[in-house]
Structure formats: C-alpha cells, structure tokens
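Working notes for the structure below.
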Amino acid sequence: MERAPAEGTIRFARIGPGPVSGKQASFFCHATAALLWRLWIVGMLQKLHSVTEVATSGRSTSSVVRHVASLSKGVRQCGPFLLTDKLTTTLQLVSTFSFPYAVAVRDSSLRLPENRGLVNRFTAPGVNTAGYMPRWQ
C-alpha cells in the first residue's frame, strides 16, 4: 500500500513525461527544471512546472503549473525526464524572480559543476538513458 505524501510534497512521478520517443504531452520547466540543472533556488519548490504545446491539454492545479510553449525548441533529456535547456530555464526564472533571487539563479547558471559524481547527465531528446536516474536538488 502506497503512503500518502507529506503535506506540501510534490510527487514528480505522477506527472512525469511519457516515453521519450515521439511527440510529448509535456515536460519540465521553470523551477522544476532548475532542480535538475542544479540552479540556486531560494526556498522550497511549492509547485511543479510543466510545458505543454496546447492550452487544452490540461489546467494548472494547486500543485502543478502548466505553461504553453513550443515542445520542439530548447528541450533536453535527463534520464527519463524531458526539460527545458539550461538557458531557457535560467531566462524563465530570471524574468519572474525579484532581483536578488534572479542574481542567484544567473550566477549559478554560469558556474561549472564540481564533478564529484553529483552531476546530472543531459542529452538530446530520444537518447537511450536506460538505468540512469537523475538526482533532484
């Protein structure tokens, strides 16, 4: 029997994109993608952000925010997940955060990751990444 998530916990597996081949219904963006890119976000992620190409494919809920955008540009894959590329993710956050938080995101996007086995692997969409599971931070 599956336990209910703690109050305020977002269950990524419920909304995760389907197979990486073919047209996708949605993929991660904004602060959700920033976790995989390890960008510096102040505070806890309150909502899961996803991109969809058509406004009729679902609505935002109390825990999921849907954004309408192209699904063919600026897309990367990290394990089984599709997400916006680092530049797009950074620009999305910088354009919505207040100045001090935007500076933190921008600064972290310019830093090279320390390679201690904690770096996620990003590929073009459709690359077989069987067995690899990214780390959320």
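The values are calculated or read from the model by the stated rules, or taken from the named source; none is laboratory data. Keep in mind that this is a model prediction, so the values were computed, not measured. FYI the Cβ positions are ideal-geometry reconstructions off the backbone, even for glycines, and counts take in every protein chain you see.
Of note:
- Flag if residue 73 is of a type in the set (D, E, K, R), farther than 24 Å from residue 119 by Cα and either at pLDDT 80 or above or out of contact with any strand residue (DSSP E or B) (no Cβ under 8 Å at 6 or more places or on another chain) (or both): no
Here is a yes/no grid of residues against (1) at pLDDT below 90; (2) among the aliphatic types (A, V, I, L, M):
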| site | (1), (2) |
| --- | --- |
| 65 | yes, yes |
| 69 | yes, yes |
| 80 | yes, no |
| 83 | no, yes |
| 103 | no, yes |
| 121 | yes, no |
